[in-house]
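For reference, the structure discussed in these notes is given below.
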Amino acid sequence: MIKTVDLQKIFTTDEVETTALNGINIEIQPGEFVAIMGPSGCGKSTLLNILGMLDNPSEGQYHFFGTEVARMSERQRANLRKGNIGFVFQSFNLIDELTVFENVELPLLYLKVPAGERKKRVEAVLERMNIMHRRNHFPQRLSGGQQQRAAIARAVIAEPKLILADEPTGNLDSANGLEVMNLLTQLNQAGATIVMVTHSPHDSGFAHRVINLFDGKVVTENFHI
Ligand code: ADP
């Protein structure tokens with residue numbers, strides 16, 4: 001389970017303080033698919049960054065499957081993040097100089113998985129994401145939908161406990177967006193816990209629960225059956 005307790009995040013720039021998160025208490029169970037919605041500037045990305053251990057809160061606690069991470073150093077967070085969290089971004093964030101295969105292989109290289117096993121695992125996930133035929137291509141030669149499928153393959157290759165998706169269909173047309181949402185749903189049905197930031201009511205319909213933020217606070221939570 002992941003859980004936040006009175007999470008606060010205050011940014012200070014040029015002596016101006018911005019309260020991006022103002023007392024967030026959420027609990028997400030293993031296997032849940034949660035969407036986070038709310039107007040621009042309400043704190044969605046800040047919350048996702050903290051859940052992904054890319055940033056620390058100013059106050060409060062963050063429990064990640066039993067470990068309290070809010071006071072960890074950047075290095076400790078980076079170590080815990082490796083293999084435990086997979087990220088999917090609106091802008092795909094693939095490395096242009098690496099092929100699809102090499103991009104997807106990267107998390108396993110960081111985890112020092114032997115070459116033979118890496119190849120087997122990368123090929124299996126490329127098949128699953130329907131992108132195997134593009135394994136030797138560079139990202140710039142792929143369509144947006146193909147790039148996002150490669151990015152999802154990279155996010156899940158190390159079988160992370162948590163997948164974080166930030167507007168995963170934001171740069172895709174509706175057909176490719178639907179394919180990406182179907183893939184995320186399949187991963188969730190296979191056991192992955194997913195937290196997704198979205199502006200799209202259509203995409204949030206794939207989640208079990210929608211958490212609405214406003215002004216750094218949770219305002220409502222809606223459960224889908
Ligand atoms: P959202 O993702 O919902 O659009 P953000 O989490 O990006 O909202 O931002 C929440 C608030 O925090 C905004 O007022 C934004 O300007 C501010 N903010 C976010 N990141 C920073 C930062 N690195 N430095 C200063 N202010 C920030």
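The values are calculated or read from the model by the stated rules, or taken from the named source; none is laboratory data. What you see is a predicted model, and the numbers here were worked out from it, not measured in a lab. Cβ: placed from backbone, ideal geometry, glycine included. Neighbour counts: every protein chain shown. SASA here: full protein model, heavy atoms, side chains in, ligands and nucleic acids out. Shrake-Rupley method; radii C 1.70, N 1.55, O 1.52, S 1.80 Å.
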I'd like the accessible area for ASP173, computed on protein heavy atoms only with a 1.4 Å probe and all protein chains in place. Round to 10 Å², please. 90 Å²
Debye intensity ratio I(q)/I(0), log10, region 136-178, q values 0.16, 0.21, 0.23 Å⁻¹ (C-alpha model): -0.46, -0.75, -0.85
How big is the convex hull of the Cα atoms of region 48-151, per residue, in Å³? 119 Å³
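Rank THR19, THR46, THR13 by accessible area, highest first, at a 1.4 Å probe radius?
Values: THR19 65, THR46 25, THR13 90 Å².
Listed by decreasing accessible area, they come as THR13, THR19, THR46.
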When Lys and Arg each count +1 and Asp and Glu each count -1, what net charge do the other residues less than 12 Å away from MET129, Cβ to Cβ, add up to? +2
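When averaged across all projection directions, what area in nm² does the alpha-carbon convex hull of region 76-121 cover?
With the hull built on Cα positions only, its mean projection is 3.9 nm².
Using a probe radius of 1.4 Å on heavy atoms only, what accessible surface per residue do you get for the chain? Whole Å² is fine.
Value returned for the chain: 48 Å² of accessible area per residue.
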May I have the count of lysine pairs in the chain with C-alpha atoms under 14 Å apart, counting pairs 8 or more residues apart or located on different chains? 6
Using a 1.4 angstrom probe on heavy atoms only, work out the carbon and sulfur share of the accessible area of the chain in %. 49 percent
Alpha-carbon Debye profile of the chain, log10 I(q)/I(0) at 0.08, 0.10, 0.14, 0.17 Å⁻¹: -0.29, -0.45, -0.88, -1.24
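Quick one: if you take sqrt(5λ) for each eigenvalue of the C-alpha gyration tensor of region 1-92, what semi-axes come out, biggest first, whole angstrom?
On the way: eigenvalues 83, 53, 41 Å².
The equivalent ellipsoid of region 1-92 has semi-axes of 20, 16, 14 Å.
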